[in-house]
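This report concerns only the one structure given below.
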Amino acid sequence: MDTTQALADRFEEHRGHLRAVAYRMLGSLAEAEDAVQETWLKLSRTDSDAIENLGGWLTTVTGRVCLDLLRSGAARREELIDDRVDAFVPDLELRPLSRLDPEQEVLHADSVGVALLVVLENLEPDERLAFVLHDMFAVPFDDIAPIVDRTSAATRQLASRARRRVRGAEPAAEPDLGRQKQVLDAFLAASRAGDFEALVGVLHPDVTLRVDAGALMRGLAASKVVQGAKTVAEQALMFSRFAGSARPMLVNGTVGLVNAPEGGPKSVMALTIADGRITGMYILADPERLERLDFDGRTG
């Protein structure tokens, strides 16, 4: 086996981990893949024999690539006046909801909730990097500090500030998929029946609905952020005609819905559920981003 192939094989052993890092940093599956590919290019141009800890090296390089993307993206977003900036919904990972058993629980144990991704989106790029690498992947602050061009102590403060914002914003989600499914079924039944009071009952009083429909959608289907059980229930009733074609799926490791009446998804909804009620609804309906999702149509 030649040296290049051997190095490629070693890199592939870390690809899943690097993709997880990049997805949590960027909230975009496509950008995460690009970041991982850029990491491979950097590795292929580096003397790998001089790298003592390949996994650590790859993680920090991926973090640096993502930080550059976040910084350039932040600069671009400051120029936007589109409502989509506030209604951001990350790319969503879809898997069939084929069975609710311990094996599946383990399979998706490392999935990152969409609510957390939305919170991370609101962090400054350096805060996000410090929090993701340290709190989620246990990278030492001494290794993160050179990436953000700060001292280790200052990097620790970045992560601490990010941690406080995350704890204050992310709801405590229901971990049991079976109980999640019960709440989802109740929501679907109320939507299909047009039962306003039942919808309100399954929603948390402070529920938030985020819809990212892309730059071209206007009117009722436009990107938006809506809060409050009654207001969100009214929105659900406006689109209740689509409830019949909605199918349960695992979305970022928790139960959600895919509306795919003719094969490809027209929208994907992720849910956060706590104490038997829906606390957050996140709908991705941007056609361009939906085209990039890995969707095979299977639900069970």
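The values are calculated or read from the model by the stated rules, or taken from the named source; none is laboratory data. Just so you know, these numbers come straight off a predicted model, no measurement behind them. Neighbour counts run over all protein chains shown; Cβ positions are idealised from the backbone, glycine included. The accessibility values were calculated without ligands, DNA or RNA, using every heavy atom of the protein model including side chains. Shrake-Rupley method; radii C 1.70, N 1.55, O 1.52, S 1.80 Å.
Structure above, values below:
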read-out	value
Answer from 197, 262, 174, 288 - the residue that is in contact (Cβ under 8 Å) with a residue 12 or more places away in the chain and out of contact with any strand residue (DSSP E or B) (no Cβ under 7 Å at 6 or more places or on another chain)	288
Members of the range 190-215 found to be open to solvent by 60 Å² or more (accessible area, probe 1.4 Å) and either in a helix (DSSP H, G or I) or among the β-branched types (Val, Ile, Thr) (or both), listed by number	192, 193, 197
When residues of the range 40-68 are limited to those that are acidic (Asp, Glu) and under 18 Å from residue 8 (Cβ atoms), the one most open to solvent (accessible area, probe 1.4 Å)	49
Odd one out for residue 46, checked against (1) outside any helix (DSSP H, G or I); (2) in contact with a Lys or Arg (Cβ under 9 Å, 6 or more places away or on another chain)	(2)
Boolean, residue 220 is at pLDDT below 85, part of a helix (DSSP H, G or I) and either open to solvent by 20 Å² or more (accessible area, probe 1.4 Å) or of a type in the set (A, V, I, L, M, F, W, C) (or both)	yes
In the range 237-273, the residues that are over 24 Å from residue 27 (Cα atoms) and either in contact with a Gly (Cβ under 6 Å, 6 or more places away or on another chain) or open to solvent by 20 Å² or more (accessible area, probe 1.4 Å) (or both)	237, 238, 239, 240, 241, 242, 244, 245, 261, 262, 263
